[in-house]
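Undergrad: Below is a structure I'd like to ask you about.
The values are calculated or read from the model by the stated rules, or taken from the named source; none is laboratory data. Since the structure is predicted, the reported quantities are computational estimates derived from the model, not experimental observations. Methodologically, a virtual Cβ is constructed for each residue, glycine included, from the backbone with ideal geometry; neighbour enumeration extends over all protein chains shown. Side chains included, ligands, DNA and RNA excluded: accessible areas come from the protein's heavy atoms. Shrake-Rupley method; radii C 1.70, N 1.55, O 1.52, S 1.80 Å.
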Amino acid sequence: MHINKIIILLLLSFTVFSQSEIKGKVTLTDSISDYSFIYVLLRTNDTIYTGSQLDKLGDYKLAKKVPNGKYEIVVKHLTYKDLILKNIIVDDKDLVMDINFPGPCEYNEKTPQKCVNDHTDNIIPIVYGYPNKRLMKRAKKGKVHIGGCIVSQCDSYFYCKIHNKEL
């Protein structure tokens with residue numbers, strides 16, 4: 001009886017976990033000079049399942065025995081916005097994902113944008129860098145939005161005060 005339970009548990013473990021391998025290459029599409037500090041993560045429901053740092057050629061390999069299911073692959077770098085690839089299906093087949101990073105920037109216009117319902121009021125510029133006293137006063141008055149000290153290659157230029165949304 002005890003041996004039957006062990007056999008059933010072993011069979012279940014083989015059916016739940018994939019024997020596939022998730023690997024690929026990240027190709028740099030911007031001014032990043034090397035692959036240092038770039039990570040590829042596999043996550044589900046905002047929980048990181050596994051991850052890998054790129055090697056010197058941009059290759060990555062995520063851990064084997066990933067449970068079958070739907071995941072997101074996230075490419076992270078300190079000064080770039082995360083690139084998120086959604087609805088990645090992991091099953092019993094090997095998965096090769098070649099990725100262009102950082103990808104296209106969604107914030108490419110330096111003119112004020114329209115927000116939800118096409119309104120253009122209450123849209124203010126975003127200022128990046130370490131704020132001085134004058135900038136802090138302007139931010140408290142709602143004249144500018146402070147974007148933070150870390151500046152990436154793809155940052156938004158405007159902020160909607162009504163919807164608390166970067167444009």
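Undergrad: Out of everything in region 87-108 that is out of contact with any Leu (no Cβ under 9 Å at 6 or more places or on another chain) and closer than 20 Å to Cys154 by Cα, what residue ends up being surrounded by the most Cβ atoms within 10 Å (Cβ to Cβ)?
TA: Cys105
Undergrad: Kindly indicate whether Asp34 is among the acidic types (Asp, Glu), within 22 Å of Lys93 (Cα to Cα) and over 15 Å from the mean Cα position of the chain (by Cα). Explain how you work it out, then say what you get.
TA: Numbers: among the acidic types (Asp, Glu): yes; within 22 Å of Lys93 (Cα to Cα): no; over 15 Å from the mean Cα position of the chain (by Cα): yes.
For Asp34, the condition - among the acidic types (Asp, Glu), within 22 Å of Lys93 (Cα to Cα) and over 15 Å from the mean Cα position of the chain (by Cα) - is not met.
Undergrad: Inspect all residues belonging to region 27-47 and state whether any of them is assigned to a strand (DSSP E or B), over 26 Å from Ile150 (Cα atoms) and either open to solvent by 80 Å² or more (accessible area, probe 1.4 Å) or free of Cβ contacts under 8 Å to residues at least 12 places away in the same chain (or both). Break it down stepwise before answering.
TA: Start the filter on region 27-47 by keeping residues that are assigned to a strand (DSSP E or B), which leaves 27-28, 38-44, 47.
With over 26 Å from Ile150 (Cα atoms) added as a condition, the list becomes 44.
Then drop every residue that is not either open to solvent by 80 Å² or more (accessible area, probe 1.4 Å) or free of Cβ contacts under 8 Å to residues at least 12 places away in the same chain (or both), which leaves none.
No: region 27-47 contains no residue that is assigned to a strand (DSSP E or B), over 26 Å from Ile150 (Cα atoms) and either open to solvent by 80 Å² or more (accessible area, probe 1.4 Å) or free of Cβ contacts under 8 Å to residues at least 12 places away in the same chain (or both).
Matching residues to (1) open to solvent by 60 Å² or more (accessible area, probe 1.4 Å); (2) closer than 29 Å to Leu41 by Cβ; (3) outside any loop (DSSP other than H, G, I, E, B):
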| position | (1), (2), (3) |
| --- | --- |
| Leu85 | no, yes, yes |
| Pro125 | no, no, yes |
| Arg138 | yes, no, yes |
| Ile150 | yes, yes, no |
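Undergrad: Considering region 109-123 alone, what residues qualify as being more than 16 Å from Asp155 (Cβ to Cβ) and part of a loop (DSSP other than H, G, I, E, B)? If you could, list the steps in order and put the result at the bottom.
TA: Initially, region 109-123 is screened for residues more than 16 Å from Asp155 (Cβ to Cβ), giving 114-122.
Lys114, Cys115, His119, Thr120, Asp121, Asn122, listed by residue number.
Undergrad: Among all residue pairs at least 6 apart or on different chains, which show Cβ distances below 6 Å where the first residue, located in region 50-73, is open to solvent by 60 Å² or more (accessible area, probe 1.4 Å) and the second is assigned to a loop (DSSP other than H, G, I, E, B)?
TA: Matching pairs, first to second residue: Lys64/Glu21; Asn68/Ser18; Asn68/Asp91.
Undergrad: Which ones in region 89-123 are within 23 Å of Leu54 (Cα to Cα), without any contact (Cβ under 8 Å) to a residue 40 or more places away in the chain and among the β-branched types (Val, Ile, Thr)?
TA: Result: Ile89, single match.
Undergrad: Scan Tyr159, Tyr130 and give me the residue that is under 25 Å from the mean Cα position of the chain (by Cα), aromatic (Phe, Trp, Tyr) and either assigned to a loop (DSSP other than H, G, I, E, B) or within 30 Å of Asp59 (Cα to Cα) (or both). Outline the logic, then answer.
TA: Details: Tyr159 fails: either assigned to a loop (DSSP other than H, G, I, E, B) or within 30 Å of Asp59 (Cα to Cα) (or both).
One residue alone meets the criteria, Tyr130.
Undergrad: Output the qualifying pairs, or none if there are none: Cβ atoms under 8 angstrom, residues six or more apart or on different chains, first residue in region 127-155 and on the phi > 0 side of the Ramachandran plot and at pLDDT 90 or above, second residue surrounded by 13 or more Cβ atoms within 10 Å (Cβ to Cβ) and not aliphatic (A, V, I, L, M).
TA: Short answer, once both residue conditions are applied: Gly142/Lys161.
Here is a yes/no grid of residues against (1) modelled with pLDDT under 90; (2) more than 17 Å from Ile32 (Cα to Cα):
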{"residue": "Asn45", "(1), (2)": "yes, yes"}
{"residue": "Tyr49", "(1), (2)": "yes, yes"}
{"residue": "Leu54", "(1), (2)": "no, no"}
{"residue": "Pro67", "(1), (2)": "yes, yes"}
{"residue": "Glu72", "(1), (2)": "no, yes"}
{"residue": "Val75", "(1), (2)": "no, no"}
{"residue": "Leu78", "(1), (2)": "yes, no"}
{"residue": "Asp82", "(1), (2)": "yes, no"}
